[in-house]
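The values are calculated or read from the model by the stated rules, or taken from the named source; none is laboratory data. These figures come from a predicted structure and were not determined experimentally. Neighbour counts are summed over all protein chains in view; Cβ atoms, including those assigned to glycine, are modelled from backbone coordinates with ideal geometry.
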Amino acid sequence: MPEKTPAEFTPGQTKTVDASTDGRSPRIACGSFAKLPFARYRERARQPVQFRNLGVDIRMAEVDNPAFTKAARESADNPRTITAARNSNESPLVRLEHMGSIDARQARAGHMFRQLYERMMGGQRSPSFLQIRVDGGSAPDAFTESRGRASSQLRTISEEMTPDDYAVVRFVCGEGRSLRELDKTLGVRKGGGKLRLVAALDKLSDVLGLGKPKAKDG
């Protein structure tokens with residue numbers, strides 16, 4: 001008996017095949033291979049992996065170079081700043097910097113205040129919901145010369161600023177409190193505390209001698 005020539009088959013058509021004579025699975029023969037479970041799994045595996053509800057938002061930012069040597073000349077081998085990955089949710093100050101709500105001058109003033117505040121507190125970093133204390137809540141180290149200098153510098157800063165501005169900077173940059181808490185403490189609407197903080201950081205920049213703010217275009 002001569003072999004039968006299969007009829008022409010146009011993609012998109014539904015073809016009925018007898019599995020007993022064709023020797024293949026009806027699903028494969030009918031062109032429904034993409035509907036198999038492992039085909040869908042492979043398609044999902046190509047999607048980027050996302051971590052949710054971890055409170056982490058990593059972004060690239062320009063930061064001070066911890067290995068910068070002041071005694072040496074600033075160069076490509078000794079840069080003053082470097083680009084590094086940073087969690088923008090580390091603190092409200094970092095978040096505002098990444099969002100562009102504060103300029104580099106105001107951000108630097110806030111970070112300088114934070115370093116002084118942490119040094120005065122005996123090296124204890126500002127609170128963060130991502131960090132877990134493992135010291136059992138013990139008391140900080142004894143008062144040192146470094147803590148004394150930091151305390152003196154903060155006292156000078158407080159004398160150059162208004163009590164309200166200093167309190168706002170200390171609340172957010174020093175204690176690491178959120179802008180929502182700041183709004184509640186000040187008794188203002190949402191966003192009011194942010195405006196107060198930006199103005200206070202601008203004053204702090206002047207006190208620290210970080211130069212004049214850049215003129216805005218237009």
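Results for (1) more than 17 Å from Pro163 (Cα to Cα); (2) at pLDDT below 90; (3) of a type in the set (A, V, I, L, M), shown as yes or no for each residue.
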site	(1), (2), (3)
Ser178	yes, yes, no
Leu186	no, no, yes
Arg189	yes, no, no
Gly193	no, no, no
Val198	no, no, yes
Gly218	yes, yes, no
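Out of the residues in segment 76-106 meeting the condition of being in a helix (DSSP H, G or I) and touching a Leu at 6+ places or on another chain (Cβ under 7 Å), tell me which one is modelled with the lowest pLDDT. Across segment 76-106, the extreme among qualifying residues is Pro92.
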